[in-house]
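Written below as C-alpha cells is the structure these notes are about.
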Amino acid sequence: MRDTNKRLRGFLAALLLGLAATALAPAMAAESILRDFDGNPRQLEDYVGQGKWTVVMFWAYDCHICNLEAPRYEKLYQRRGERDLTVLGISIDGEEQKKEAQAFIREHKLSFPNLIGEPEATTLMFTDLTGARWIGTPTFLIYTPTGKLVAQQAGGVPVSMIEDFIAQQTAAGNL
C-alpha cells in the first residue's frame, strides 16, 4: 500500500509539474520565438495595437505565392504605412535559412518590418494566437488599431480584399 501511495504521489507531482510547465511555456516561448534580422528578440505585441491596423504576413522564402504577394504588400505599406495601416512580415524559415530569408527581403525591397522564427515554434505560435490549425504560407492575420485579432486567412489574399475588410470593420466601429 505504501509503495502504491508513493508511486501515486510521484505521478501526481510529475503531472502537476508538467501542467505548470505547459501553462508557462506559451508565455515564455512567446518572448523568444521571434527575432528581428539583427538577432534581437521581438514579440508580436511590439507591433500590434499601436494605433494602426496591422496586417501580419507569415511567409517563407521558397513559397511561390509569398513571392507574388510580398511586392503587393510592400505597395500597400508604402501607400498607407504613414497613415492608418502597417504590415509585419514573419518568416518561418528559421535560423538555418536566414540568409535565404534575407535575400527574399532584399529581392522584394521590403521596407516594412520583418521578423524570423523557427518553423515549428512559429506555426505553434500561430495556433496559440488563433486557435486554428496551421495550413501553410502565406498566412495573414489582421489586427485592429487596438490590437484585437479580427481575421486570419491562409493562402494568397488580394490587397484589395484586405483594404475592403478593414474599411468595413472601421465603418462598423470594430476598432
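What are the pairs, 6+ residues apart or on separate chains, where a residue within the stretch 128-155 that is at positive phi has its Cβ under 8 Å from a residue that is among the aliphatic types (A, V, I, L, M) and part of a loop (DSSP other than H, G, I, E, B)?
Short answer, once both residue conditions are applied: G147/V48; G155/I135.
Could you run through the stretch 123-141 and say how many residues are buried (at least 18 other Cβ atoms within 10 Å of the Cβ) and touching a Phe, Trp or Tyr at 6+ places or on another chain (Cβ under 7 Å)?
Going through the stretch 123-141 one residue at a time, the tally reaches 6.
Could you run through the stretch 116-175 and say how many residues are in contact with a Lys or Arg (Cβ under 6 Å, 6 or more places away or on another chain) and farther than 20 Å from I105 by Cβ?
Of the residues in the stretch 116-175, 1 are in contact with a Lys or Arg (Cβ under 6 Å, 6 or more places away or on another chain) and farther than 20 Å from I105 by Cβ.
Within the stretch 94-116, can one find any residue that is modelled with pLDDT of 95 or more, within 15 Å of A60 (Cβ to Cβ), small (G, A, S) and under 13 Å from the mean Cα position of the chain (by Cα)?
The answer is no; no qualifying residue exists.
Give the residue that is surrounded by the fewest Cβ atoms within 10 Å (Cβ to Cβ), with candidates limited to residues of the stretch 42-76 that are assigned to a loop (DSSP other than H, G, I, E, B) and of a type in the set (D, E, K, R).
The residue in question is D62.
Among the residues of the stretch 142-175 satisfying the criterion of being surrounded by 14 or more Cβ atoms within 10 Å (Cβ to Cβ) and more than 20 Å from the chain's Cα centre (by Cα), which is farthest from R80 (Cα to Cα)?
By that ranking, first place goes to Q169.
May I ask you to say which residue of K99, K75, K52 is without any contact (Cβ under 8 Å) to a residue 40 or more places away in the chain and assigned by TED's automatic domain parsing to the domain that holds I142?
Unique residue meeting the criteria: K99.
Looking at the stretch 130-141 only, could you name the residues that are among the aromatic types (F, W, Y) and part of a loop (DSSP other than H, G, I, E, B)?
Correct list: W134 only.
If you scan the stretch 20-41, which residues turn out to be modelled with pLDDT of 95 or more and in a loop (DSSP other than H, G, I, E, B)?
F37, D38, G39, N40
From K75, K52, which residue is over 20 Å from G136 (Cα atoms) and in contact with a Ser or Thr (Cβ under 7 Å, 6 or more places away or on another chain)?
K52
Can you tell me which residue is farthest from G49 (Cα to Cα) among those in the stretch 142-175 that are in a helix (DSSP H, G or I) and of a type in the set (G, A, S)?
The qualifying residue farthest from G49 (Cα to Cα) is S160.
Please indicate, with yes or no, whether at least one residue in the stretch 78-96 is assigned to a loop (DSSP other than H, G, I, E, B), touching a Phe, Trp or Tyr at 6+ places or on another chain (Cβ under 9 Å), surrounded by fewer than 16 Cβ atoms within 10 Å (Cβ to Cβ) and in the same structural domain as N40 (by TED's automatic domain parsing).
yes
The values are calculated or read from the model by the stated rules, or taken from the named source; none is laboratory data. A quick note: this is a predicted structure, and the numbers were derived from the prediction, not measured. Cβ: placed from backbone, ideal geometry, glycine included. Neighbour counts: every protein chain shown.
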